[in-house]
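Input: a single structure, listed below in structure tokens.
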Amino acid sequence: QVQLVESGGGLVQAGGSLRLSCAASGRTLSNYAMAWFRQAPEKEREFVAGIRWSGITYYADSVKGRFTISRDNAKNTVYLQMNSLKPEDTAVYYCAARAGVDVSTKGGYYNYWGQGTQVTVSS
């Protein structure tokens, strides 16, 4: 079992920055691809960014150039640095772990999920 705990969400003005963290326990993340998803009210959950164990990264077009995903394998932690935030980035952000090498944009392929952290961007 892998337990994931997100932190770092909050309220920020448009144009501001936040850094989300996802701390894992129970098992090393060395065999897992990691990703961030988000879900806004009355919208479907969507892929935001993903990272392989090797450090190869993937981004949704809507966040490319503004968000950066990274991982510290020694600390078993994944981060999402979010810059130039927009009101449309407002959502609950979830960290997810998928056994294996590949990042998927489909949430159904992930084995473990955190409880989520709220990000609210005011205009």
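The values are calculated or read from the model by the stated rules, or taken from the named source; none is laboratory data. Since this is a predicted model, take the numbers as computed values, not measurements. Neighbour counts run over all protein chains shown; Cβ positions are idealised from the backbone, glycine included. Heads up: the accessible areas ignore ligands, DNA and RNA and are worked out on the full protein's heavy atoms, side chains in. Shrake-Rupley method; radii C 1.70, N 1.55, O 1.52, S 1.80 Å.
Numbers for the structure displayed
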quantity: Hey, residue 62 assigned to a loop (DSSP other than H, G, I, E, B) and over 12 Å from residue 105 (Cα atoms) or not; calculated: yes
quantity: Condition check for residue 94: under 19 Å from residue 1 (Cα atoms) and assigned to a strand (DSSP E or B); calculated: yes
quantity: Of residues in segment 89-102 being open to solvent by 30 Å² or more (accessible area, probe 1.4 Å) and within 12 Å of the chain's Cα centre (by Cα), the one farthest from residue 77 (Cα to Cα); calculated: 92
quantity: Close pairs from segment 1-14: first on the phi > 0 side of the Ramachandran plot, partner outside any loop (DSSP other than H, G, I, E, B) and open to solvent by 60 Å² or more (accessible area, probe 1.4 Å), Cβ under 6 Å, at least 6 apart; calculated: 8/19
quantity: All positions within segment 40-59 that are free of Cβ contacts under 8 Å to residues at least 60 places away in the same chain and either open to solvent by less than 50 Å² (accessible area, probe 1.4 Å) or more than 18 Å from residue 29 (Cβ to Cβ) (or both); calculated: 40, 41, 42, 43, 44, 46, 48, 49, 50, 51, 55, 59
quantity: Search result, residues across segment 83-123 that are in contact with a Lys or Arg (Cβ under 7 Å, 6 or more places away or on another chain) and either aliphatic (A, V, I, L, M) or free of Cβ contacts under 8 Å to residues at least 12 places away in the same chain (or both); calculated: 91, 92, 101, 103, 109, 121
quantity: So residue 51, is it at pLDDT 95 or above and within 18 Å of residue 94 (Cβ to Cβ); calculated: yes
